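> My questions all concern the structure below.
The values are calculated or read from the model by the stated rules, or taken from the named source; none is laboratory data. Everything numeric in this text was worked out from a predicted model, so none of it was measured. For neighbour counting, all protein chains shown are included, and Cβ atoms are generated from backbone atoms with ideal geometry for every residue, glycine included. For the accessible areas, the whole protein counts, side chains as well, though only heavy atoms, and no ligand, DNA or RNA atoms are used. Shrake-Rupley method; radii C 1.70, N 1.55, O 1.52, S 1.80 Å.
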Amino acid sequence: MKKIGLIGGISWVSTSDYYTLINKGVNEKLGDLNFSECLLYSFNYADIKRNNENNDWDSTFKMLLKGCEFLKSGGAEAIVLCANTMHLIADKLEGAIGLPVIHIASETAIEIQKQELKKVGLLGTKFTMELDFFKDKLTAKGIEAIIPTSESDKDFIHHTIFEELGRGLVTEATKKRYLEIANEMIKNGAEGIILGCTEIPLVIKAGDLVVPIFDTTLIHARAAVEFQVS
């Protein structure tokens with residue numbers, strides 16, 4: 001089995017999901033008492049959030065590179081960034097660390113291709129929705145990504161990711177608003193909805209919408225499992 005390194009704490013809620021999904025996935029593949037051989041470097045989310053608010057991606061890159069170096073020194077053969085937004089610097093990290101970084105957007109694009117969809121809605125932090133690092137991976141596969149048109153909707157998603165979902169807090173009111181936003185994108189032609197933040201599966205689940213949903217946490221974890229057992 002190949003050893004992987006997880007960059008977590010962004011947030012701890014989704015990191016816990018990654019650890020569970022990857023271990024279960026390895027066991028499903030290999031059976032018996034086989035589970036994931038992995039290392040975890042978990043950050044203080046407040047430090048990452050502070051950098052984000054100041055648009056200081058250089059500091060975030062240096063922090064994550066330090067974590068990746070720690071994981072590489074422990075024998076990790078690939079890196080898994082347990083958060084969508086951090087993939088803004090994934091390609092740069094991959095070049096600096098000299099290990100493959102399993103890219104969440106690339107893996108999501110593959111899953112969307114399997115269902116032969118051409119236009120999907122993307123939900124996530126404002127960084128993920130508004131910047132190109134995620135959408136470019138979809139475009140490369142001939143997939144168009146649309147985002148909410150309302151600034152208030154984007155602000156709501158961004159705020160609740162950090163202040164509610166990232167703390168493990170879920171309310172019916174928040175779930176209702178997320179579904180309203182997703183359904184508006186479906187009206188605008190989205191053939192599927194990407195849950196482009198690893199905490200959004202807390203509020204949007206299979207069967208909640210009339211179109212397929214793409215849970216990036218689950219997709220990413222499965223890709224990590226395939227790397228380990230291949």
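> Scan the stretch 172-230 residue by residue and report those that are out of contact with any Gly (no Cβ under 7 Å at 6 or more places or on another chain), surrounded by 15 or more Cβ atoms within 10 Å (Cβ to Cβ) and polar (S, T, N, Q).
Selection gives THR174, ASN183, THR198, THR217, GLN228.
> So which strands (runs of 3 or more DSSP E) are wholly in the stretch 1-83 and hold at least 2 residues that are open to solvent by 50 Å² or more (accessible area, probe 1.4 Å) and modelled with pLDDT of 95 or more? Let's see the steps before the verdict.
Working: elements: 4-8, 38-42, 79-81.
In the stretch 1-83, the matching strands (runs of 3 or more DSSP E) lie at 38-42.
> Could you tell me how many of the residues in the stretch 123-142 are polar (S, T, N, Q) and over 18 Å from ILE193 (Cβ atoms)? Before you say what the answer is, go through the steps one by one.
Filtering the stretch 123-142 down to residues polar (S, T, N, Q) leaves 125, 128, 139.
With over 18 Å from ILE193 (Cβ atoms) added as a condition, the list becomes none.
The total comes to 0.
> On to the next question. Go through the stretch 9-47 and give me each residue that's more than 13 Å from ALA221 (Cα to Cα) and in contact with a strand residue (DSSP E or B) (Cβ under 9 Å, 6 or more places away or on another chain).
Result: GLY9, ILE10, TRP12, GLU37, LEU39, LEU40, TYR41, SER42, PHE43.
> Just to be sure I understand the filter: pairs with C-beta atoms under 9 Å, separated by 6 or more residues or on different chains, first member in the stretch 150-170 and open to solvent by 20 Å² or more (accessible area, probe 1.4 Å), second member among the aromatic types (Phe, Trp, Tyr). Which pairs pass?
What qualifies is SER150/PHE156; PHE156/TYR178; HIS158/PHE127; PHE162/TYR45; GLY168/TRP12.
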